[in-house]
Protein chains: 2
Amino acid sequence: MTPQRRTRGEARREQIIDEALKAFADNGYRSASIAEIAERCGLSQPGLLHYFPNKAALLAAVLEYRDRLDYDRFGFDRNLRGKAALQKMVQLVEHNEHVPGLVQLFTVVTSEAVTVDHPARDWVVNRYRLLQAYLVKVLEDGIADGEFRPDINTAAHARQIFAMMDGLQLQWLLDPEHVDMPALFRTYIDELIASIS
Amino acid sequence: MTPQRRTRGEARREQIIDEALKAFADNGYRSASIAEIAERCGLSQPGLLHYFPNKAALLAAVLEYRDRLDYDRFGFDRNLRGKAALQKMVQLVEHNEHVPGLVQLFTVVTSEAVTVDHPARDWVVNRYRLLQAYLVKVLEDGIADGEFRPDINTAAHARQIFAMMDGLQLQWLLDPEHVDMPALFRTYIDELIASIS
């Protein structure tokens with residue numbers, strides 16, 4: 001949408017999503033307080049609930065926003081195949097180093113989602129299934145193009161790639177001075193490409 | 001300690017730790033309620049606080065208990081070197097499949113620890129540093145014994161191994177029907193050993 005057509009209500013929604021994202025990343029979803037998010041937006045609690053009827057709806061909006069950012073930047077570009085797609089993932093991790101708040105939101109909410117009755121669980125499970133399907137396709141394209149050996153286990157490698165990405169994010173968030181997340185992911189992908197080529 | 005010498009107070013402490021572990025795994029540390037843990041133990045809240053002065057002290061006891069279990073089972077056996085130590089880690093992951101509650105506690109608390117002012121942060125950061133030092137040593141022993149090539153990046157492989165373990169745990173907790181955690185970790189380690197030998 002063009003800036004001209006952005007209404008005051010839309011600007012307010014964006015502000016609320018932005019503050020909610022910070023609150024969920026800082027405290028986790030369960031401990032984040034609607035009252036505090038409202039206050040940071042200069043709104044009363046009923047004022048905020050006019051835009052989002054409850055905390056779960058606000059979380060859904062935050063996750064949708066994060067997905068859109070990822071999609072815009074990473075693109076899950078359907079034209080990328082094999083090695084080129086894996087190298088694009090390395091670029092995504094390099095980019096992630098510059099958006100620690102978004103990475104923290106993802107790490108905190110994804111892990112919190114394993115707890116009982118969490119409103120993000122379906123989103124998280126579905127997200128992994130989509131990523132898994134995307135990456136299996138990328139690896140199969142690489143086989144079809146003759147880049148990768150036909151006998152590789154595409155399903156296993158797909159899961160392992162996401163696991164490595166998530167695990168390195170956690171170590172980096174905990175100890176950024178000692179963990180060079182992009183370099184560690186890059187060497188993993190380079191060695192994987194070498195071993196499956 | 002022998003069962004005979006286990007006092008009523010010690011039995012009570014163990015019961016509280018057991019219920020707290022379940023509560024932290026189910027809801028996360030921040031959202032877990034001391035009142036509810038006390039109730040499950042048949043104690044009043046002041047009765048529980050007689051054993052553990054606050055929620056952070058209870059978390060520390062739970063993490064120490066979990067570490068002791070891991071140490072007893074996994075052993076971080078100082079006699080294991082190179083390949084044998086990596087294969088022992090595969091056995092640990094195979095074992096973890098049978099203790100989902102402990103895995104969930106670890107995943108939930110470790111990720112929650114990246115949030116602001118979390119009482120487990122130092123424990124988690126220190127744990128990764130110890131594991132990192134242990135695994136670098138294991139890989140260096142493998143080089144010294146001629147099992148692994150001398151030019152491998154031991155620090156990077158050490159971090160990647162933990163990242164893979166953590167990332168697969170998360171996917172398995174979210175979607176146990178579709179994620180064969182031990183098989184995925186085993187193939188990762190087998191391929192790693194093949195590539196660094």
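Some points to look at:
- Output for segment B:166-197, where each listed residue is among the β-branched types (Val, Ile, Thr) and at the interface with another protein chain (Cβ under 7 Å from one of its Cβ atoms): B:Val179, B:Thr187
- Tabulated pairs, segment B:156-167, first touching a residue at least 60 places away in the same chain (Cβ under 8 Å), second among the acidic types (Asp, Glu) and assigned to a helix (DSSP H, G or I), C-beta under 7 angstrom, 6+ apart or interchain: none
- From the options B:Glu39, B:Glu14, B:Glu64, residue that is at pLDDT 95 or above and assigned to a helix (DSSP H, G or I): B:Glu39
- Yes/no for B:Gly9 being out of contact with any helix residue (DSSP H, G or I) (no Cβ under 6 Å at 6 or more places or on another chain) and of a type in the set (Gly, Ala, Ser): yes
- Filtered residues of segment B:8-36 (kept if surrounded by fewer than 16 Cβ atoms within 10 Å (Cβ to Cβ) and either in contact (Cβ under 8 Å) with a residue 60 or more places away in the chain or within 14 Å of chain A (Cβ to nearest Cβ) (or both)): B:Ser33, B:Glu36
Residues checked against (1) modelled with pLDDT of 95 or more; (2) of a type in the set (D, E, K, R); (3) surrounded by fewer than 20 Cβ atoms within 10 Å (Cβ to Cβ); (4) closer than 23 Å to B:Asp166 by Cβ:
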{"residue": "A:Gly146", "(1), (2), (3), (4)": "yes, no, yes, no"}
{"residue": "A:His157", "(1), (2), (3), (4)": "yes, no, no, yes"}
{"residue": "A:Ile161", "(1), (2), (3), (4)": "yes, no, no, yes"}
{"residue": "A:Gln171", "(1), (2), (3), (4)": "yes, no, no, yes"}
{"residue": "A:His178", "(1), (2), (3), (4)": "no, no, yes, yes"}
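- The single condition among (1) closer than 25 Å to B:Ala20 by Cβ; (2) modelled with pLDDT of 90 or more that B:Asp70 does not meet is (2).
- Scope segment A:116-130; condition in contact (Cβ under 8 Å) with a residue 24 or more places away in the chain and either within 13 Å of B:Asp175 (Cα to Cα) or within 10 Å of another protein chain (Cβ to nearest Cβ) (or both); matching residues: A:His118, A:Trp123, A:Arg127, A:Tyr128
- Qualifying helices (runs of 4 or more DSSP H) (wholly inside segment B:86-176; at least 2 residues being within 24 Å of A:Glu191 (Cβ to Cβ) and not assigned by TED's automatic domain parsing to the domain that holds B:Glu19): B:121-144, B:154-174
- Hits in segment B:178-189 - residues which are within 22 Å of the chain's Cα centre (by Cα) and either acidic (Asp, Glu) or not in a helix (DSSP H, G or I) (or both): B:Val179, B:Asp180
The values are calculated or read from the model by the stated rules, or taken from the named source; none is laboratory data. The shown structure was predicted, so the numbers you read here are calculated from the model rather than taken from an experiment. FYI the Cβ positions are ideal-geometry reconstructions off the backbone, even for glycines, and counts take in every protein chain you see.
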